[in-house]
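Please treat every number below as a calculation from the coordinates, not as lab data. Note that the structure is a prediction, hence the values are computed from the model and not measured. Here Cβ is always computed from backbone atoms with ideal geometry, including for glycine, and neighbour counts include all displayed protein chains.
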Amino acid sequence: MTYNRYFNINISVINNLFVLVFVFFSLHSCKIKDNKEESVSKEETDYTAKVYPHLDTKNSRWFYFSSASRPFGMVNLSPDTQISGAWGSGYRYDTDTIKGFSHVHAWQLSGISVMPVTFSEENKSNIYTDFYSHFSHETEEVSPGFHKLSLSRFNIDVTLTSTTRVGFSKYTFLSNRNKGILFNLNTMLGPSSNAEGSLKQLDKKTFQGSIIATPTQRRPKPTKIYFYVSLNEPITSLNKDSETGNALLTFSDQTKELKMKIGLSYTSAENAKNNLEAELPEWDFEQIVKNSKQQWNNLLGRIEVTGSTPKAQCRFYTDLWHALQGRRIISDHNGQYPDNTGESFRIKQIPLDANGNPQFNHYNSDSFWGAQWTINTLWGLVYPEIMQEFSLSLMQYYKDGGLVPRGPSGGNYTYVMTGATSTPFIVSAIQKGIINENIDSIYVALKKNHMPGGIMTKAGYEHNTSKGGGLSYYIKKGYVPYPLPDGDFGLHQDGAGLTLEYAYQDWTLAQLAKKLNLKEDETYFLKRAKNYKEVFNPKLGWMQPKDISGNWLENFDPYEDEIGFVEANAAQSTWFVPHDLEGLATLMGGKEKAAKKLHTQFNEAEKIGFTSGDSHEVELHPEFNRIPINYGNQPSIQTAFIFEKLDRPDLTQYWSRKIIDSVFSGLNKDTGYNGDEDQGLMGSLAVLMKIGLFQMNGGTEANPSYQIGSPIFNKVTIHLNPEFYSGKTFNIVAENNTPENCYIKEIKLNNKILPVTNLNHSDIVSGGTLNLKMSKNPN
């Protein structure tokens, strides 16, 4: 009998039937009617209707799921079915109990959980701790910027939307019982506890309060979140529970529909009020829903796709939606923001433009680890204004705290993951002309992270020392030893993996030094960029950890996970040389041998679907972790496009299509990214693979190059931002495109034959059309 990962064939058949049924209803919910290409204009297309928010919500984590949220909104208002722990919390599809509606779902931050309730006088005292309610997905509606469901226990319909900094809730009470809103002020939410919660009445309709998001291992300082509440109906009483600290607002028996606005701020109660008054002075709930949909459509509509299937289009716009969320604004409407980088908390001000408006927003963010193959390219091409804002925000942290961060939270450093991951991001923004001022000072800031005392000296979440990154050994010996002889100081002290990261990031910094004509620095960092060779064992053909004495790790197994490599094994990490693949190929005996080796790895990885299981939490499971290529985590997501650099673009086209089909085509709650969707990284990767554009080195060289893959759509139209680029649109037209016709037979750029499978950034942003003739035979 044939077995799949867990079940025998009989169960598999049943499951497959279930998936088919689920996909049918998923497509229905995405409002895609048939296989015909719609001829409606960009302005008329509702791209939010093509987003499936429940994707992968069985494996959700605290900041993963989004519903009533604007792009990168400070507010991410959504229901919580699990509330404890950063992983497996927030909105989990398979849990049928609502435990509150939280306004903050962010990297290492949570807060402001509310719950509408009904109660009798007899059980009023219990409602402070007993307020969970069942709900059903059958009556649930979710789309970008909107969420609606029914609380069956209380017979209340809940509808949610928001502006950037204000949550907007509407509660419809369908029973005549006593009515109230519970503020769950002191609780565990996601990654952190909420403590010292307070709610103060200002009048019958307005309140102000605050909570402390307590420290976590990753965010070691407490973060205070202020909120301001405005109601459209007066309360009859404000009740506080002495044991829990929770607060209950009660309302008249005549109350049928209640609206509540909650403005947030990380700086002050005054700014929480100001954010509300500036962004949401009115009470027209439907108009705010409409405004939110319009904002999402404006961003999602930057890329138009036609052809393929309705399911493929639905998944594409879901991927694109994920690429535009997760990382959160922390600055107020007036530009004030929290600075926790110093000894004491400070309120700082974003520089204002000539009209008195903040020049950019300030952000919290998970790591940029893997951003070189994802948001670097997508944001840099399609959303340059977003890349500009994030770059300026990262530099603001440098001005305040002395380091460019790799993942800030609560206005402070978290030292998430490893290396100087912000370097390729900012360098890419500069090379694409998105950042064109103060480049000399930006270089100085980035260089600091690559030198002693910089962020490369710290391993993951290493707050109080600067030894875990092993940078001193990297500079002296050319590699980071494994194990690190100094001891354990942070997570991911995986010497060979760190060496590879540092070498690539050094190369990207060298490109900026070259741009600035800093010859000595360019030479120095280019030399360091060759350090990847120090951990390549030519006898075995793999990257391999070395100890402090230069001895190769004994009993080495290239498929053993996280032994000297960060969230990866040697088979995956051997290819982490995006800046010098020709040099790597030479070490392997030439491009032909290198391509054959990688092709063999893909054939093996295909047997278990190119990922280490279907979620990040099972990645280390013995059944999955010996995979040679893993598209469920960042370290090897560039590998399909390596073939293009090895003179085998046909294999890039073949394997990129295979990965799309296996990893990034599902449309259900059980799977979606099959691993770690770190705030848009994997969503961005899926978008890029599906439109057939990729940047191996993260777009960090002068006039960055794009590798051409195998787009799954007949036509892709990218609407270029006129504030940054001279062209109006860039079109990718794939003629004779079918699932079988994955190979490119001929390439034309603006009707001229293109003899190579890459093109420059300037070619794209000046506008035009890339014509691809597709074939079932490799060229």
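Which residue, 749, 300, 264, has the largest displacement toward the positive end of the dipole of the chain when charges sit on each Cβ (Lys, Arg +1; Asp, Glu -1)?
The one lying farthest along the dipole's positive direction is 749.
Lysine pairs in region 162-258 with alpha-carbon atoms under 20 Å apart, 8 or more places apart or on different chains: how many are there?
Number of lysine pairs found: 15.
Counting only C-alpha contacts under 8 Å and six or more residues apart, can you give the relative contact order of the chain as a whole percent? Could you put the intermediate results ahead of the total?
Details: 1865 pairs, mean separation 83.3, N = 779.
Over the chain, the number comes to 11 percent.
Which of the peptides 733-746, 620-633 is most tightly packed, and how do the rest follow, going by the mean number of other Cβ atoms within 10 Å of each residue?
Working: 733-746: 17.1, 620-633: 19.9.
The most tightly packed comes first, giving 620-633, 733-746.
Give me the distance in nm between label points sitting 7 Å out from Cα along the Cα-to-Cβ direction at residue 175 and residue 517, one decimal.
7.7
Along the Cα-to-Cβ line of residue 437, 7 Å from the Cα, sits a label point; which residues in region 349-377 have backbone N less than 19 Å from it?
Residues 349-363 qualify, since their backbone N sits under 19 Å from the label point.
If all Cα-Cα distances of region 124-269 are sorted into 5 Å bins from 0 onward, what percent lands in each bin, rounded to whole numbers?
2, 8, 16, 19, 23, 18, 10, 3, 1, 0
Let me know the charge dipole size of region 388-546 about its Cα centre in debye, to the nearest 20, where only the beta-carbon of Lys, Arg (+1) and Asp, Glu (-1) is charged. Before the final figure, lay out the partial values.
Values: 18 positive and 14 negative charges, 106 e Å.
Its charge dipole is roughly 500 debye.
Mind giving me the nanometre distance, one decimal, between the label points for residue 549 and residue 359, set 7 Å out from Cα along Cα→Cβ?
That separation, rounded to one decimal, is 5.5 nm.
Once you charge only the Cβ atoms, +1 for Lys and Arg and -1 for Asp and Glu, what is the size of the charge dipole of region 306-426 about its Cα centre, to the nearest 20 debye? Display every interim value, and only then the final one.
Working: 8 positive and 9 negative charges, 61 e Å.
Charge dipole of region 306-426: 300 debye, to the nearest 20.
Using 7 Å Cα-to-Cβ label points, what is the residue 703/residue 309 separation (nm, one decimal)?
4.2
Which translational diffusion coefficient, to the nearest whole µm²/s, is obtained for region 365-479 from the Stokes-Einstein equation, given a Kirkwood hydrodynamic radius over C-alpha pairs, 37 °C and 0.692 mPa s? Before the final figure, lay out the partial values.
Values: Rh = 14.3 Å.
Estimated diffusion coefficient is 229 µm²/s.
Give the relative contact order (percent, whole number) for region 61-294; include only Cα pairs under 8 Å separated by 6+ residues.
Working: 632 pairs, mean separation 45.4, N = 234.
Contact order relative to length: 19 percent.
Consider a paramagnetic label point 7 Å from the Cα of residue 444 along Cα→Cβ; state which residues of region 394-408 have an amide N under 18 Å from it.
The answer is 394-405, whose backbone nitrogens lie closer than 18 Å to the label point.
Grab the alpha carbons of the chain, take their convex hull, and tell me the volume per residue in Å³.
Working: hull volume 127.4 nm³, N = 779.
Taking the convex hull of the Cα positions in the chain, it is 164 Å³ per residue.
Highest mean first, how do 523-532, 366-375 rank when packing is the count of other Cβ atoms within 10 Å averaged over residues?
Details: 523-532: 18.9, 366-375: 26.5.
Highest to lowest by the protection proxy: 366-375, 523-532.
Residue by residue through region 200-215, which ³J(HN,Hα) values in whole Hz follow from phi under the Karplus form 6.51 cos²θ - 1.76 cosθ + 1.60 (θ = phi - 60°), with glycine and proline marked x?
Here the 3J(HN,Hα) series is 10, 7, 9, 7, 5, 10, 10, 8, 9, x, 7, 9, 9, 7, 5, x Hz.
How long are the semi-axes of the ellipsoid equivalent to region 655-779, from square roots of 5 times the Cα gyration tensor eigenvalues, in whole Å, largest first? Show your work: numbers first, answer last.
Numbers: eigenvalues 116, 79, 34 Å².
Three semi-axes, in Å: 24, 20, 13.
Taking the Cα centre of the chain as the origin and placing charges on Cβ (Lys, Arg +1; Asp, Glu -1), which of 622, 76, 692 is farthest toward the positive end of the dipole?
Sorting the options by dipole projection puts first 692.
Set the bar at 32 Å for Cα to Cα. Now go through 593/773; 519/690; 124/259; 533/596; 530/728; 58/259 and name every pair that lies beyond it. Numbers along the way, then the final one.
Details: 593/773 29 Å; 519/690 39 Å; 124/259 22 Å; 533/596 20 Å; 530/728 40 Å; 58/259 30 Å.
Checking Cα-Cα distances, 519/690; 530/728 exceed 32 Å.
Place a label point 7 angstrom from the Cα of residue 463 along the Cα-to-Cβ direction, then list the residues of region 327-359 whose backbone nitrogen is under 15 Å away.
340-345, by backbone N distance to the label point.
Reported to two decimal places, what Rg/Rh ratio describes region 539-652 when computed on Cα atoms with Rh from the Kirkwood expression? Let's see the in-between values first.
Working: Rg = 13.9 Å, Rh = 14.5 Å.
With Rg and the Kirkwood Rh in hand, the quotient comes to 0.96.
Could you put 347, 330, 83 in order, starting from the residue whose Cβ has the fewest other Cβ atoms within 10 Å? Display every interim value, and only then the final one.
On the way: 347 15, 330 26, 83 19.
With the fewest neighbours first, 347, 330, 83 line up as 347, 83, 330.
Dipole magnitude of the chain about its Cα centre, charges +1 at Lys/Arg Cβ and -1 at Asp/Glu Cβ only, in debye to the nearest 20?
Numbers: 76 positive and 82 negative charges, 188 e Å.
Approximately 900 debye in magnitude.
Please determine, in degrees from 0 to 90 and to the nearest 10, the orientation of helix 384-401 with respect to the longest principal axis defined by the Cα atoms of the chain, where the helix direction is its Cα long axis.
80
For residue 591, give me every one of the aspartates and glutamates with a C-alpha distance below 16 angstrom, ignoring sequence neighbours fewer than eight places off in its own chain.
Partners found: 580, 582, 644, 647, 650.
Scan around residue 729 for amide H atoms under 5 Å from its own, H built in the peptide plane at 1.01 Å from N, and keep only partners 5 or more places away or cross-chain.
Hits under the 5 Å cutoff: 720, 768.
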